[in-house]
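Peer 1: Before I ask anything, here is the structure I am working with.
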Amino acid sequence: MRFFLLLVLFPFISNAQQAMKWGRYEDFEIDLTQVSYEPEASVVILGEVGRIYFDRHINYEVHTRLKILKEEGKDLVDRLSLSSVRFYNKDLTKMFNVRAQIRTPEGEKITLDKSQIVKTKLDEFLSEIRFVFPRLVPGTIIEFEYTYQYDDFYYIPTWYFQKQVPVLFSMLDARLPGGIVYRVSMQGNRLRKKYAERQLGTWSLVDLPSINPDPYIYNVNKYAEAVNFFLDSYEYMNIQHTYSSTRTVEFNTKSDIYRKYYLHDYYRGWLDDRYINSMEGINDLAGDNELQTTQNIYRYVQNNIAWTGEHNYFVGDNNMEVVRDRRGHSGEVNLLMRAILHKYSIPSDIVLVSTRSHGFPEESTPALNQFNHLILNVKVNDGILVDATEPFYDFATLPPKDQNFKGLIFEQDNPRWITIAPNLSKLTVNYQFDPAGRVVDARISATAHDAARLRQQWFNHGSLKLDYFNLPEYEPDSLRPEFPENYRLPVKIAARYISGGNELEEVVYIPAQLFKFYNEMPFREEKRSYPVELSYPFYRQMIGIINIPDGYVVDELPDKRTIELPNRLGHYRFDAAVMGNVIQINATLEIPALIVLPEYYADFRDMIQQVIAKQSEMIVLRRQAE
């Protein structure tokens, strides 16, 4: 990804201001009924212009114009929040110069009054301004503008050129004063191609397709055309202060203070054990060694501190409220665990991460707004990354949300990027099928993420859903799960399925795999513009023995199949063989990758299609003639 610095020292007349004039509509905007490159679109953004300027504050001015093309577009405007704006509350930002209007298909302009511009406080940090537009019908043009004012120049919001509806024109014009330098990260192929070698404060694109949520993309906005700003340095009292560096990780806000102050003083109060000493059982966690003690502490936090569901790394002065309430956001939960580790003299370091739904962090730009979560590196053995927010995980397996490739470890005097290696999840099934007795006995073993999923099902619902069993006429007769106290040990299940049918037909059909890898094809698109992001790497193995009933012979047996994808993206192997009076089945599927790039998607999808086809093939047994 290319970067350039934005530093402009002179007054200017913004081209962005000339791009759209309030209330002046071009003929093509009035006449437009369909987007040529996305004819199914029911709403289109005709233009969106942003302007960033400085007058003792950072000002972020936005002017948006959109049009409803079809009847369903009226609901889409609300559903996609196209007629609302979210912003930080007044203690962090201000919003002013807010106005909105519509142009009806008949040409009438209706300006919204104050009662139609509704401000709502959503939570402690966020508020929303919602425009209540009257008389929305196909052909209506909606227009609104507003200005944010930020007191904190460390943060400038990302400008997204793409939205969930097509955008005909989008422009951002940014002018900042001398003495403040931002590193600019361009996101998206079109922006990087157009502006790769040019240092400009203006970016514009036309005819942008919609970008919509995808079940195999954690954060689709990270693939949108966008411009990100990260503070690089600023000048104060004629002294240049470095905030970040492309070559080293310095993480400074004011000269060299940040690394020393933030890491050691900001979280210092959380190592005080005067509050945690009041917790019942806190003195009974010592094990035979540091590893066992760490496991005990991890399980103790899981069982006693509830995660609120919020990801955050900003905390109060100490852990008093979390201890009192027995709940906290992700940073509070993991910092409390750090405090207990400290009580038992087990060292640990803070690791800032960006969850997968938050987006990928950029190593070259160590800015705080890249992160939204805090985990620990416990200094036991060679170091173990730990996140205690998910109650059904073992302490050495990070939940999928954390497996985002890189984390920022705050080791004393040595802050640096570390690799977060994904945990391979294994699920194996050994089964024996007796068609004559109409019974299937299976032994299932699951580790890591698969084990966590089974624990969650059992403890939350009191039952298990083994939806990969491939004999619909057979019903579960018994399920006997084993959930070891030590979560690092695999979950095991003994299962029996039975059928009360009549005697065997002359021809018996048995699926090649009694336990499926997939219930249905998950990747329906033949082509993709974006990668496939998988939750976690996995290994699946189904080993089966099928008894051949007396008087029957194998009439048809599925062929062997082996598929190897390039770059270790995955492999599949299926083998079936007759050994005396039994059929032996061995099917293995491994996908060690977290991300499948578009150029490999066709091969990846083809492998999954072949897997699904193979598991549905039939073994045919035929009764011998007497």
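The values are calculated or read from the model by the stated rules, or taken from the named source; none is laboratory data. These figures come from a predicted structure and were not determined experimentally. Cβ placement follows ideal geometry from the backbone for every residue including glycine, while neighbour counts extend to all protein chains displayed. Just the protein is used for accessible areas: all its heavy atoms, side chains included, with ligands, DNA and RNA removed. Shrake-Rupley method; radii C 1.70, N 1.55, O 1.52, S 1.80 Å.
Peer 1: On a 0 to 90° scale, report how tilted helix 330-343 is relative to the longest principal axis of the chain, with both axes built from alpha carbons and the result rounded to the nearest 10.
Peer 2: 70
Peer 1: Name the GluC sites (Glu not before Pro) in segment 433-535 that are in a loop by DSSP and that have at most 10 other C-beta atoms within 10 Å, would you?
Peer 2: Working: sites: E473, E482, E485, E503, E505, E506, E520, E525, E526, E533; in loops: E473, E485, E503, E505, E506, E520, E525, E526.
For GluC sites (Glu not before Pro) across segment 433-535 that sit outside H, G, I, E and B with at most 10 neighbouring Cβ atoms in 10 Å, the list reads E473, E485, E503, E506, E520, E526.
Peer 1: May I ask you to derive the FRET efficiency for H342 and E485 from their Cβ-Cβ distance with R0 = 25 Å, giving the value to the nearest 0.05? Intermediate results must be reported in sequence, preceding the final value.
Peer 2: Working: r = 25 Å, r/R0 = 1.00.
The pair H342/E485 has a calculated efficiency of 0.50.
Peer 1: Specify whether the C-alpha gyration tensor of segment 88-161 places it in the rounded, prolate or oblate class, a ≥ b ≥ c being the square roots of the eigenvalues: rounded for a/c under 1.5, otherwise prolate if a/b is larger than b/c and oblate if not. Don't skip to the end; give the middle numbers.
Peer 2: Values: a/c = 2.72, a/b = 2.02, b/c = 1.35.
It comes out prolate by the Cα gyration axes.
Peer 1: Using only Cα atoms, tell me the angle between helix 598-616 and the longest principal axis of the chain; keep it within 0 to 90° and round to the nearest 10.
Peer 2: 30
Peer 1: Using a Förster distance of 56 angstrom, determine the FRET efficiency expected from the C-beta separation of E556 and R130, and round it to 0.05. Let's see the in-between values first.
Peer 2: On the way: r = 64 Å, r/R0 = 1.13.
Result of the calculation: an efficiency of 0.30.
Peer 1: May I pose another question? Figure the gain on full extension for K70 and Y530 (residue separation times 0.36 nm, minus the Cα-Cα span) and round it to one decimal in nm.
Peer 2: Values: separation 460, 0.36 × 460 = 165.60 nm, distance 2.77 nm.
Difference between extended and current length: 162.8 nm.
Peer 1: Further question on the same structure: With a probe of 1.4 Å, find how much accessible area the chain has per residue, and write the answer as a whole number in Å².
Peer 2: Working: 29900 Å² over 626 residues.
So the chain comes to 48 Å² accessible per residue, rounded to a whole number.
Peer 1: Less than 16 Å from a label point 7 Å out along the Cα-to-Cβ axis of K193: which backbone N atoms in segment 587-621 qualify, by residue?
Peer 2: Under cut-off, by backbone N: 599.
Peer 1: I'd like the Karplus ³J(HN,Hα) series for segment 539-549: coefficients 6.51, -1.76, 1.60, θ = phi - 60°, whole numbers in Hz, and an x wherever there's a Gly or Pro.
Peer 2: Per residue, the Karplus-derived 3J(HN,Hα) values read 10, 10, 9, 10, 10, x, 10, 10, 6, 8, x Hz.
Peer 1: How far is helix 290-304 tilted, in degrees, relative to the longest principal axis of the Cα atoms in the chain, given as a value from 0 to 90 rounded to the nearest 10?
Peer 2: Helix 290-304 and the main axis of the chain meet at about 70 degrees.
Peer 1: Rounded, prolate or oblate for segment 308-429? Axes are the square roots of the Cα gyration tensor eigenvalues, ordered a ≥ b ≥ c, and the cut-off for rounded is a/c under 1.5. Please report the intermediate quantities before stating the final value.
Peer 2: On the way: a/c = 1.30, a/b = 1.12, b/c = 1.16.
In terms of gyration-tensor shape, rounded.
Peer 1: With an 8 Å cut-off on Cα pairs and a minimum separation of 6 or more residues, tell me the relative contact order of segment 40-86 in percent. Don't skip to the answer; put the middle values down first.
Peer 2: Working: 55 pairs, mean separation 18.6, N = 47.
Averaging sequence separation for qualifying contacts and normalising by length gives 40 percent for segment 40-86.
Peer 1: Please give, to one decimal in nm, the separation of the simple spin-label points placed at S84 and R274, each 7 Å out from Cα toward the Cβ.
Peer 2: Roughly 4.4 nm, to one decimal.
Peer 1: Placing +1 at every Lys and Arg Cβ and -1 at every Asp and Glu Cβ, with all other atoms neutral, what dipole size does the chain have around its Cα centre, in debye to the nearest 20? Each step should come with its number before you reach the end.
Peer 2: Numbers: 70 positive and 83 negative charges, 309 e Å.
Computed charge dipole of the chain: roughly 1480 debye.
Peer 1: Kindly list the residues of segment 92-128 that lie in the label zone of N312, defined by a backbone N under 12 Å from the point 7 Å along the Cα-to-C-beta vector.
Peer 2: Within reach of a label on N312, which here means backbone N under 12 Å from a point 7 Å along Cα→Cβ, segment 92-128 contributes 123-126.
Peer 1: Sticking with this one: Working out 0.36 nm times the residue gap between A286 and A421, then minus their Cα-Cα distance, what length gain in nm do you get to one decimal? Don't skip to the answer; put the middle values down first.
Peer 2: Working: separation 135, 0.36 × 135 = 48.60 nm, distance 2.85 nm.
Between A286 and A421, full extension yields an extra 45.7 nm.
Peer 1: Residue separation times 0.36 nm, minus the C-alpha to C-alpha distance between D382 and A494: what's the value? If you can, show how the numbers build up before the last one.
Peer 2: Numbers: separation 112, 0.36 × 112 = 40.32 nm, distance 3.55 nm.
Full extension from D382 to A494 adds 36.8 nm.
Peer 1: Can you figure out the FRET efficiency of A577 with E599, using R₀ = 35 Å and their beta-carbon distance, to the nearest 0.05?
Peer 2: Numbers: r = 36 Å, r/R0 = 1.04.
Efficiency computed from Cβ-Cβ geometry: 0.45.
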